[in-house]
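Asks: My questions will all concern the structure given below.
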Amino acid sequence: GLGLAMTMRLVELHGGSIHVDSQVGEGSTFSVRLPVQPDAESPQHYQVPVASESSADRVILLETDEDNAAIVCEMLTAAGYEVIWLVDSDQLAAQLEGLRPVILVADLALLSQNLEEIKAVQLAITALNTKVLALMGSEDGVPSPMAHHDILRKPIDPKVLLEKVRQITMKRA
């Protein structure tokens, strides 16, 4: 609620637009478009860098807890990653193929229990050489059927998060 309202206001202030595609029972996809600001003479305007098609620093976050998501988004964005936050695993395999992230940071408990869907996600991860950092609560004792490269326990420690992501992706400060 509040996050979307703030995002909409910021996008409008930059002369952009937000578009939503929503289907009942399927979820919603929000697209944000920001214009490139060619006026370099005005020092008071921030120039939004044009995103490259490279996914070398793209992260998909699968998490429903807003506090954990805020920590992950803030820390990884500050470290130079582009973070895309998903709150459910519907169409996760397609999202992985389309967005081509270097790492998936995911609460694996949110994955569908359908083995076919887990296989599709695992195949996408393998095909793209995407790494997986599993977010697990302290009460989560049962391992996930999906393979992962490392585990980060909740509540998330920002320093440990950054260390693990850098280690997995081999990105240095």
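The values are calculated or read from the model by the stated rules, or taken from the named source; none is laboratory data. Predicted model, so just to flag it, every value in this text is computed and none were measured. Cβ sites come from the backbone with ideal geometry, for glycine too, and all protein chains shown count toward neighbours. Just so you know, the surface numbers come from the protein's heavy atoms only, side chains and all, with ligands and any DNA or RNA stripped out. Shrake-Rupley method; radii C 1.70, N 1.55, O 1.52, S 1.80 Å.
Asks: Would you check if LEU61 is in a helix (DSSP H, G or I) and crowded, with 18+ Cβ neighbours inside 10 Å? Give the steps one after another, and end with the answer.
Replies: Values: in a helix (DSSP H, G or I): no; crowded, with 18+ Cβ neighbours inside 10 Å: yes.
The answer is no for LEU61.
Asks: Can you tell me how many residues in the stretch 101-117 are at pLDDT below 90 and open to solvent by less than 20 Å² (accessible area, probe 1.4 Å)?
Replies: 2
Asks: Can you name every residue in the stretch 101-111 that is of a type in the set (D, E, K, R) and within 9 Å of ILE60 (Cα to Cα)?
Replies: Here is the first cut: in the stretch 101-111, the ones of a type in the set (D, E, K, R) are 107.
Correct list: empty.
Asks: Sort out which residues of the stretch 87-98 are at negative phi and touching an Asp or Glu at 6+ places or on another chain (Cβ under 9 Å), and write them in order of number. Give the steps one after another, and end with the answer.
Replies: In the first step, residues of the stretch 87-98 are kept if they are at negative phi; the result is 87-90, 92-98.
Residues satisfying the conditions are VAL87, SER89, ASP90, LEU92, ALA93.
Asks: Search the stretch 16-29 for residues that are outside any strand (DSSP E or B) and pair each with any residue that is loosely packed, with under 10 Cβ neighbours inside 10 Å when their beta-carbon atoms are under 6 Å apart and the residues are at least 6 apart or on different chains.
Replies: Nothing qualifies.
Asks: With the requirement that a residue be free of Cβ contacts under 8 Å to residues at least 12 places away in the same chain and either among the β-branched types (Val, Ile, Thr) or assigned to a loop (DSSP other than H, G, I, E, B) (or both), what does the stretch 64-89 give you?
Replies: Once the filter is applied, which keeps residues that are free of Cβ contacts under 8 Å to residues at least 12 places away in the same chain and either among the β-branched types (Val, Ile, Thr) or assigned to a loop (DSSP other than H, G, I, E, B) (or both), the stretch 64-89 yields only THR77.
Asks: Turning to a different aspect of this structure: Residues in the stretch 55-64 that are modelled with pLDDT under 90 and either acidic (Asp, Glu) or touching a strand residue (DSSP E or B) at 6+ places or on another chain (Cβ under 7 Å) (or both): how many? Can you show your working first?
Replies: Looking only at the stretch 55-64, we keep the residues that are modelled with pLDDT under 90, and these are 55-57.
Then keep just the ones that are either acidic (Asp, Glu) or touching a strand residue (DSSP E or B) at 6+ places or on another chain (Cβ under 7 Å) (or both); that gives 57.
Of the residues in the stretch 55-64, 1 are modelled with pLDDT under 90 and either acidic (Asp, Glu) or touching a strand residue (DSSP E or B) at 6+ places or on another chain (Cβ under 7 Å) (or both).
Asks: Please count how many residues of the stretch 69-79 are over 12 Å from the mean Cα position of the chain (by Cα) and either hydroxyl-bearing (Ser, Thr, Tyr) or open to solvent by less than 40 Å² (accessible area, probe 1.4 Å) (or both).
Replies: Counting residues in the stretch 69-79 that are over 12 Å from the mean Cα position of the chain (by Cα) and either hydroxyl-bearing (Ser, Thr, Tyr) or open to solvent by less than 40 Å² (accessible area, probe 1.4 Å) (or both) gives 1.
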